[in-house]
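Comments concern the structure below.
Every read-out reported here was derived from the displayed coordinates using simple, explicitly stated rules and does not represent laboratory data. Owing to the predicted nature of the structure, the values given are computational and were not obtained by experimental measurement. Please note: Cβ atoms are built from the backbone with ideal geometry, for glycine as well, and neighbour counts cover all protein chains shown.
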Amino acid sequence: MIDNITKSHFSNPTPSLQGKSDVGNIGVCVRAGEKAVAALFDLDGVVFDTEPQYTVFWGGVMRKFRPDVPGLEYTIKGSTLTRIFEDFLPHVPEEYDNIVKGLNEFEKNMDYPFVEGFEDFVKDCRRNGLKTAVVTSSNKAKMDSVLKKRPELTELMDAILMSEDFEFSKPHPDCYIKGAQRFGAKPEECLVFEDSFNGLKSGRASGAVIVGLSTSNSEEAIREYCDIVIPNYKGIDYKTLISRLK
């Protein structure tokens, strides 16, 4: 269950695991067989299968304000709202309020289905002594909408870290470094679960062990950023995952 400090913030039967061997000293603690301290999960595309819905929303925004760069709705995945505005929409500051209002309304009406197998996997991690946290670029307004529809998420997580908790947006490693620090751990003692390119780069730069989910991008596209790639959590438990890192 979420601690008091954090509360104030607010396909295949057996998926194949694709490992990487050329990862240097990153995550050496876990790979050496030591027990991981924490599992840190991105939100959209990792906890909830929501990325297709966001692609619809941001696709509309980008076609309206950045028709010169097709596909930006995919490029921005994993970025905070502030970074999206600063890096991709700096020329329309007068539209920021309308975009935010539209996004907030959109999120209130979204569905938040768990990625297949997620609940069982997280419960197994916790039974094995791991701390669990959501580490997301989403803001508090978004998390308020999520928790209204999925209050049980607070029972699955020891902490929820949002954009307000970070100084830098993904792909900077700040969020995952802070996620590890929340539990008194080093990033290399943590498992990071990510789906977007920005998120995978963030986790990799932090020094954590990276579990990539091919929910938003293909396995082939994200493999170079990951230690293991899975399509979802179905049929996977903590010990199975760790065994592939040894």
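Cross-link reach is defined here as a Cα-Cα straight distance under 22 Å, omitting same-chain residues fewer than 8 places apart; for Lys178 the lysines meeting it are Lys7, Lys35, Lys77, Lys131, Lys140, Lys142, Lys170, Lys186, Lys201. Computed over neighbours whose Cβ is under 14 Å from that of Glu94, the net charge equals 0, Lys and Arg +1, Asp and Glu -1. Counting 0.36 nm for each residue step from Asp120 to Asn98 and taking away their Cα separation leaves a gain of 4.0 nm. For the listed peptides 129-137, 228-236, a ranking on the average number of other beta carbons within 10 Å per residue, highest first, reads 129-137, 228-236.
State whether segment 51-90 is rounded, prolate or oblate according to the following rule on the C-alpha gyration tensor (a ≥ b ≥ c being the square roots of its eigenvalues): a/c under 1.5 gives rounded; otherwise a/b larger than b/c gives prolate, and the remaining case gives oblate.
Working: a/c = 1.78, a/b = 1.06, b/c = 1.68.
Because a/c hits 1.5 or more and a/b fails to exceed b/c, segment 51-90 counts as oblate.
A Förster distance of 30 Å, applied to the separation of the beta-carbon atoms of His91 and Thr154, puts the FRET efficiency at 0.15.
Taking the Cβ of Glu167 as the centre, find all other residues whose Cβ is under 13 Å away and add up their charges (Lys, Arg: +1; Asp, Glu: -1).
0
Placing pseudo-labels 7 Å out from each Cα toward the beta carbon at Lys35 and Lys239 gives an inter-label distance of 1.3 nm. Let me make sure I get this right: for segment 112-246, a, b and c are the square roots of the gyration tensor eigenvalues over alpha carbons, sorted descending. Under 1.5 in a/c it's rounded, otherwise prolate if a/b > b/c, else oblate. Which is it? Rounded. Taking the Cα centre of the chain as origin and assigning +1 to Lys and Arg Cβ atoms and -1 to Asp and Glu Cβ atoms, the resulting dipole is close to 540 debye.
Rounded, prolate or oblate: pick one for segment 184-246, where a ≥ b ≥ c are the square roots of the eigenvalues of its C-alpha gyration tensor, a/c under 1.5 means rounded, and failing that, prolate if a/b is larger than b/c, else oblate. Oblate, because a/c is 1.5 or more while a/b does not exceed b/c. Place +1 on the Cβ of every Lys and Arg and -1 on the Cβ of every Asp and Glu in segment 119-246, take the dipole about the Cα centre, and give the residue among Ser216, Met143, Ile236 whose Cα lies farthest towards its positive end. Positive-end residue among those listed: Ile236.
Computed over the chain, the alpha-carbon pair-distance distribution with 5 angstrom bins reads 1, 7, 14, 19, 21, 17, 11, 6, 3, 1, 0, each value a whole percent. A crude spin-label estimate for the pair Arg127 and Phe106, with each label 7 Å from Cα along the Cβ direction, gives 3.9 nm.
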